[in-house]
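Quick notes on the structure that follows.
The values are calculated or read from the model by the stated rules, or taken from the named source; none is laboratory data. Since the structure is predicted, the reported quantities are computational estimates derived from the model, not experimental observations. Glycine also receives a Cβ, built like all others from the backbone with ideal geometry; neighbour counts cover every protein chain displayed. Just the protein is used for accessible areas: all its heavy atoms, side chains included, with ligands, DNA and RNA removed. Shrake-Rupley method; radii C 1.70, N 1.55, O 1.52, S 1.80 Å.
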Amino acid sequence: MSRGLEVLLDLLFPPRCVFCSSLLEDGEQGICAHCRRALPYLRGEAARQSCEGISLAVSPLRYEGEVRESIRRYKFHGRRWYAETYGLLTAEWIRAHLEGRWDLLTWVPLSPKRKRQRGYDQAWLLASAAGRHLEQTPVEVLCKAKHNPAQSGLTEAADRRKNVSGVYRCAAPELVRDRRILLMDDVITTGSTLSECARVLREAGAADVVCATLARAR
Ligand SMILES: [Zn+2]
């Protein structure tokens, strides 16, 4: 983009903090100084958890307050460019907690129907942005074989598990076999979606599955 066009776009659409939507000062990238300090970060051991089939899942942020509102705008109101800021933050946590533990980067895919409605796959955008900082291009190895109701409408862990059971398929077992997979998604809630994907990946021969999400709900 030319510098002139960039200046014009900044005048028309001044860059705002992806979390609190306040105008950014010169030199601030994606996150305002206040949010950079005050976001509900998960640090040290608090950033780490394990779930069924996943040896380690890490998340930089707790899914609450402005983080939750921001992710809602990202998923449901077209703010696809938030992926840049999210990806940089998540990549930092991946480096700190998962360095040397994975060989292949992938993501939890949307169904073709949901992708058509939304116009983009938010987990792929997040994985691509994080991948740029980790010098890895995400590889498509999972696909959604069935359209299921959104997990966000279900609160019980058992219902969420049932809702995702048998929904994903490994589209490229030859790429997965004996590899250690880093699986990305925007939010981890009960872990049922990520665990189901991990089960499919392990069935296809993955040596290990670790996960990274921008935020953690529980
Ligand atoms: Zn802010």
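Structure summary
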item: Counted residues, segment 72-109 - those being part of a helix (DSSP H, G or I) and among the polar types (S, T, N, Q); result: 2
item: Residue, farthest from the ligand (Cβ to nearest atom), within segment 10-47, restricted to residues that are open to solvent by 80 Å² or more (accessible area, probe 1.4 Å) and closer than 25 Å to Leu182 by Cα; result: Glu45
item: Count of residues meeting criterion [crowded, with 19+ Cβ neighbours inside 10 Å and within 14 Å of Ser128 (Cβ to Cβ)] in segment 85-94; result: 6
item: Candidates Tyr74, Tyr82 - the one that is within 14 Å of the ligand (Cβ to nearest atom), surrounded by 18 or more Cβ atoms within 10 Å (Cβ to Cβ) and aromatic (Phe, Trp, Tyr); result: Tyr82
item: Test: residue in segment 211-218 that is under 17 Å from Gln136 (Cβ atoms), open to solvent by 10 Å² or more (accessible area, probe 1.4 Å) and assigned to a loop (DSSP other than H, G, I, E, B); result: no
item: Residue check, Glu196 open to solvent by 60 Å² or more (accessible area, probe 1.4 Å) and part of a helix (DSSP H, G or I); result: no
item: Any hit, segment 113-134, residues being open to solvent by 60 Å² or more (accessible area, probe 1.4 Å), in contact (Cβ under 8 Å) with a residue 12 or more places away in the chain and among the hydrophobic types (A, V, I, L, M, F, W, C); result: yes
item: Criterion: over 19 Å from the mean Cα position of the chain (by Cα) and modelled with pLDDT of 95 or more - qualifying residue of Cys17, Cys32; result: Cys32
item: Tally, over segment 48-71, of residues that are outside any strand (DSSP E or B), closer than 29 Å to Trp102 by Cα and either open to solvent by 40 Å² or more (accessible area, probe 1.4 Å) or acidic (Asp, Glu) (or both); result: 4
